[in-house]
Each structure stands twice: as structure tokens, then as C-alpha cells.
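Following: one structure in C-alpha cells, then a few remarks.
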Amino acid sequence: MDFTCLLSFISIVWAISTVDAGNSRVLGTEELIENHGHRHHSRHSVPTEDGYLVNMFRIKGRGGPPFLLLHALMGASDQWFLRDRQHDLPSVLANSGYDVWLGDFRGNIYSRDHIKLNASEPEYWKFSIDEWIYYDVPAMIDYVCQESGYDQIYLVTYSLSSAVFFSTVAIRPEYNEKIIVSYHLAPFVAFSNIKSVLLRLGLQFSQQYLTVAKSLKVYELFPRNERAMDLLSLLCGKNSTFLRSCISIVSDFFGFDTSGNATADLDFKLSYSRAGVSLNSIEHLVQILRSGKMQHYDLGIFQNLKTYGQYRPPEYDLRKVTSPVVLYYSKNDRIVDKQTIDKLSTILPNVQQTINVNHDTFGHIDYAFNMKAKSLVFDSIIDIAQKFRSSRHFKKAYLVN
């Protein structure tokens, strides 16, 4: 079996491995928070306007405007805890006294509730990235403001959640007023200059995969289950004969600093990169990347006309993102490069800084995996927050119990 065939086989297994085979062996967000030594934490179920209940975790700080952290496409809130208390972003923020909130988009392993529907029903999964944009992010922001008592918050995104946030503020511009500054780690947007040969190959055959999934009546892709964990251990475990190939694939897909002990427990780390996502959301992402436009879910000509009033899905106008923005990128990122950042900077009207991570081999996945991310990225997040905090007056909009 040649390399391309092997990759295709792995991709198909990942894409249609959807049968829940029991609880995964990885720790959940609450357990990870406990292991990081944070005692004052809580879990919250937040209702959206369309009836979904999105999950949030809170690590309570000592005061000041809170931080809301949004995870990458197929991940979840636990994706922020793959290092230790001294090096993970939630801990770094909490150790500095900030109130930290971690959001989970609908459909992932933590956000599977609805006021009427069950996640086992096909109807539950009839959402795309549009619903994250219009419903989930506003619900999270409003809830954090309400519970913390502040009328403005800091916000951090990673990869595709950057595009989600930008689109939220584009279609609901009133949320600009609730953001002090937003930080975007490797912002993956529609016009990202993808260098990964394997990701381009995956995009080329993505429609065939999606068609197969639809024919099999699969509604959720990339779930976290025992079958997936076993496959990861087989391919990427420390004793696996395929470990080098696994490292090569991850490096080509994302850009990955393999120096030091970065590849240790790679199967464990990768387990947190799949937490369940709707098929519609993956199809929406494919549409966005193929069009090169940040646009609504393409429902087909006739349904587009009925839903949007036009034949093609409308674009999100990112020029309406008027709140302050900080963009991070790195040289070894295979998905987001300087060209992407430069173009994004010409569209967004209030980019405060573009920060090139000062490390030649730091890649897209290193924001979640690499110990060096603290000194290279996270420390600057706190420095910038302190500058904004000292230069502006923040008021509490609500009474805090």
C-alpha cells in the first residue's frame, strides 16, 4: 500500500468511525482542571436562542475582566490542558488572577444537550458553522458577562474559532462593544494559504467522503470513542512501528515542532483533537475553503433563494469587526502563514498587533501541544491585557452574588 493509499485509508476510518464504543480513556476537562490544581471551578449549561445547551467551564479568578477561550474545529475545551499548570493558557491566566471561561461549541463531547432534541436524533445534528456563529458565541459572551459582572471581556480563539468569532461580530456587530480585545492564535479563515499537501489532498477528495457519510446516514464525524483511541495508539503510540510516519503526517498537515520531547505521548495529545462535530459543519468548512470566502452554509440554489433571498450564500462582512484584534502566526504553520495574516490585516479595521512567533519550527498544532507556547505566545497575551486594562475603565454591568 503506497503512502497516498495509506493516508486515504486512515482518513476514511477517521471520518466514518462513528459508533460509540464506550467512554474514552482520556481525562475530561473537569479532571484536567483538578489535576492542574484549580479548586474553584464550575460547569455551566448555557441555553442558546435556538434551544441548544452549550457547555462552559469556569476557573474562578480574583477579579478583573474575564477571559473566554474558544477551541479549534474538531476539539473541545480540554484541548487547552495538554501541558501542565505552568504552561497551559487557562492556568497561566488563572495563576495571574484572571477569571477564565472555556466554551464548547454545540455537538462536541461536552455540548450535546438540547431543550427538546436528543443527540441520537438526526434532527439534532442539522447545524453548521453558521449556528456556532449566530447562536453559540453570543450565548457564551452574554453568559460570561452576566456571571462575572463585567460588561466587557477578553477573548482568545484558536484556528477556525477565529473565523467563527469574526463572523459572529460581522453579523451581530453589537458584540464589538462587549470585547476589550480578542487574540487569535493561528487564525484559520476562508482564504488561508494552505501549504499542507496532505490537507489539500484531503480537500480534493472531501466531497466523496461526505457523500459516503451521508449515504450511511452518518451525522456526526470525528467522535471521541474507544475505537478512535485504539487506532491512534496503534498508529502514533510511543511503541508503534508507525510512529515516525504519524509524526510526518502531523507535521505536514499542521506544522509541528518535533524538537525535544514534543512527540512524547503524541497519541494522547491527538486524542484531544477529535471531540465530535456535525457532518454539516465539516461540509460547511469544505465549502468555505473551496470558495475562498467566509460565507454562509450553501444549501443549494433553490434553498439558498428561500433562506437567504439569493442564489449563492451571502458572505460575512469582516470589515464590521471593529473591536481590537491581535493576530498570531508562525513560520512553520502549514495552514496559516504571513500571507494569510497580511490579507486579514487589510480587511479587519482594528488590528492592534500582528505577532510572529519567534521560533522557526513552531507550527499550527504547537499552540496546543508545545511547552514553549507559554514564553512565545501566552505571556504576551497577559502583557497586552494589562496594557488594555490600565488604559481603560471597566465597569461592572451586573451585581455579582
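State yes or no: is Leu89 in contact with a Lys or Arg (Cβ under 9 Å, 6 or more places away or on another chain), modelled with pLDDT of 95 or more and buried (at least 20 other Cβ atoms within 10 Å of the Cβ)? Considered against the rule, which asks whether it is in contact with a Lys or Arg (Cβ under 9 Å, 6 or more places away or on another chain), modelled with pLDDT of 95 or more and buried (at least 20 other Cβ atoms within 10 Å of the Cβ), Leu89 comes out as yes.
Taken as a whole, the structure places Val156 among residues that are surrounded by 24 or more Cβ atoms within 10 Å (Cβ to Cβ) and β-branched (Val, Ile, Thr). Within segment 180-196, none of the residues are under 30 Å from Ile384 (Cβ atoms), part of a helix (DSSP H, G or I), at pLDDT 90 or above and not β-branched (Val, Ile, Thr). Evaluating Asn118 against the criteria (1) within 13 Å of Val46 (Cα to Cα); (2) surrounded by fewer than 24 Cβ atoms within 10 Å (Cβ to Cβ) leaves one unmet condition, (1). The condition of being within 24 Å of Leu70 (Cβ to Cβ) and touching a His at 6+ places or on another chain (Cβ under 6 Å) holds for Asp333. Looking at this structure, is Asp142 touching a His at 6+ places or on another chain (Cβ under 7 Å) and surrounded by fewer than 22 Cβ atoms within 10 Å (Cβ to Cβ)? Judged against the criteria, Asp142 is not a match. Within segment 101-129, residues that are polar (S, T, N, Q) have Cβ atoms under 6 Å from residues that are outside any loop (DSSP other than H, G, I, E, B) and crowded, with 20+ Cβ neighbours inside 10 Å in these pairs: Ser111/Val54; Ser111/Asn55; Ser111/Asp104; Ser128/Asn280; Ser128/Ser281; Ser128/His284, counting only partners at least 6 apart in sequence or on another chain. For segment 89-116, the set of residues classified as assigned to a helix (DSSP H, G or I) and either of a type in the set (S, T, N, Q) or closer than 17 Å to Pro138 by Cα (or both) consists of Ser91, Asn95, listed by residue number.
Would you confirm, using the coordinates I've provided, whether Arg392 is more than 22 Å from the chain's Cα centre (by Cα), modelled with pLDDT under 95 and either under 17 Å from Ile180 (Cβ atoms) or not hydroxyl-bearing (Ser, Thr, Tyr) (or both)? Spelling it out, Arg392 is indeed more than 22 Å from the chain's Cα centre (by Cα), modelled with pLDDT under 95 and either under 17 Å from Ile180 (Cβ atoms) or not hydroxyl-bearing (Ser, Thr, Tyr) (or both).
Among the residues of segment 220-234, is any polar (S, T, N, Q) and touching a strand residue (DSSP E or B) at 6+ places or on another chain (Cβ under 8 Å)? No: zero hits. Taking segment 34-65 only, how many residues are under 23 Å from Ser375 (Cα atoms) and at pLDDT 95 or above? Here the count works out to 1.
Per-residue answers, yes or no, for (1) over 27 Å from Val100 (Cβ atoms); (2) in contact with a strand residue (DSSP E or B) (Cβ under 9 Å, 6 or more places away or on another chain); (3) of a type outside the set (A, V, I, L, M):
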site: Trp125; (1), (2), (3): yes, yes, yes
site: Val137; (1), (2), (3): no, yes, no
site: Tyr143; (1), (2), (3): no, yes, yes
site: Ser148; (1), (2), (3): no, yes, yes
site: Asp151; (1), (2), (3): no, yes, yes
site: Tyr154; (1), (2), (3): no, yes, yes
site: Val181; (1), (2), (3): no, yes, no
site: Phe191; (1), (2), (3): yes, no, yes
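Summed over segment 28-42, residues that are over 16 Å from Leu82 (Cα atoms) and either of a type in the set (Gly, Ala, Ser) or surrounded by 13 or more Cβ atoms within 10 Å (Cβ to Cβ) (or both) total 2.
For Glu147, indicate whether it is of a type in the set (D, E, K, R), part of a helix (DSSP H, G or I) and more than 19 Å from the chain's Cα centre (by Cα). Yes; evaluated as a whole, the condition is true for this residue.
Say we look at segment 339-355 and pick out the residues that are within 20 Å of the chain's Cα centre (by Cα) and of a type outside the set (A, V, I, L, M); which of these is modelled with the lowest pLDDT? Selected residue: Thr340.
Checked against the criterion of being over 18 Å from Tyr329 (Cβ atoms), modelled with pLDDT of 90 or more, outside any helix (DSSP H, G or I) and of a type in the set (Ser, Thr, Tyr), segment 160-168 has no qualifying residue. Residues in segment 70-86 that are small (Gly, Ala, Ser) and at pLDDT 95 or above were compared, and the one that is nearest to the chain's Cα centre (by Cα) is Ala76.
Tally up the residues in segment 158-199 that are of a type in the set (Asp, Glu) and in contact (Cβ under 8 Å) with a residue 40 or more places away in the chain, please. If you could, list the steps in order and put the result at the bottom.
Taking segment 158-199 as the starting set, the residues that turn out to be of a type in the set (Asp, Glu) are 174, 177.
When the remaining residues are screened for being in contact (Cβ under 8 Å) with a residue 40 or more places away in the chain, the result is 177.
Adding up the residues that qualify gives 1.
The values are calculated or read from the model by the stated rules, or taken from the named source; none is laboratory data. Values in this document were obtained by computation on a predicted structure and should not be read as measured data. Methodologically, a virtual Cβ is constructed for each residue, glycine included, from the backbone with ideal geometry; neighbour enumeration extends over all protein chains shown.
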